[in-house]
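First the structure, in the form of C-alpha cells, and then the observations on it.
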Amino acid sequence: VQLVESGGGLVQAGGSLRLSCVASGRTFTGYTMGWFRQAPGKEREFVATITWNDGSRYYADSVKGRFSISRDTIKNTVNLQMNSLKPEDTAVYYCATSARSSSTLKVDMDYWGKGTLVTASS
C-alpha cells in the first residue's frame, strides 16, 4: 500500500489549503482513510477520517467547521480542505488508512504516507 500526500505549503493565518492523498495497492472498500498531524515537539494527533463505503466523516473538535474531508472512490483519493487556518494548525500532515471501518484512532492505522508540511503564519 502506498499513500502519497500533496498540497502542503505556507499560508497566512485565515487562508486556505487543500491536501490530497492518492492511495494505491489495495481496494479500500470498508476501510477508513484520513488525516493526522504532528506539530514540532508534540504527539501525532487525529484530524479527520472518512469511511470509504458510505462517506461517514469524523473530525477533531479543533478543526470542526473549518476543515472538510472528502474522498473520490474512482481516483482512490482522499482530500482535506482546510479553511480559516490558524498558526496552531502548523504541522506535518499525514495521510493514513485503517482496515477498521469508522476509526479515528492513530493506533488503528495500518499504513502512513510520508507527510506534507503545512505552515500557517500569523
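So how many residues does segment 5-24 have that are surrounded by fewer than 14 Cβ atoms within 10 Å (Cβ to Cβ) and closer than 18 Å to residue 110 by Cβ?
1
So how many residues does segment 69-98 have that are acidic (Asp, Glu) and either open to solvent by 60 Å² or more (accessible area, probe 1.4 Å) or touching an Asp or Glu at 6+ places or on another chain (Cβ under 9 Å) (or both)?
Residues of segment 69-98 acidic (Asp, Glu): 72, 88-89.
Right, trim to either open to solvent by 60 Å² or more (accessible area, probe 1.4 Å) or touching an Asp or Glu at 6+ places or on another chain (Cβ under 9 Å) (or both) and you get 88.
Selection size over segment 69-98: 1.
Which residues, taken from segment 78-122, are over 11 Å from the mean Cα position of the chain (by Cα), of a type outside the set (Gly, Ala, Ser) and within 13 Å of residue 52 (Cβ to Cβ)?
100
Restricting attention to segment 25-68, report how many residues are under 16 Å from the mean Cα position of the chain (by Cα) and open to solvent by less than 50 Å² (accessible area, probe 1.4 Å).
Final tally of qualifying residues: 21.
Could you check how many residues of segment 13-32 are closer than 12 Å to residue 89 by Cβ and either of a type outside the set (A, V, I, L, M, F, W, C) or not in a strand (DSSP E or B) (or both)?
Count: 4.
The values are calculated or read from the model by the stated rules, or taken from the named source; none is laboratory data. The shown structure was predicted, so the numbers you read here are calculated from the model rather than taken from an experiment. Using ideal geometry, Cβ is built from the backbone for each residue, glycine included, and neighbour counts are taken over all protein chains shown. Surface areas here come from the heavy atoms of the whole protein model, side chains and all, with no ligands, DNA or RNA. Shrake-Rupley method; radii C 1.70, N 1.55, O 1.52, S 1.80 Å.
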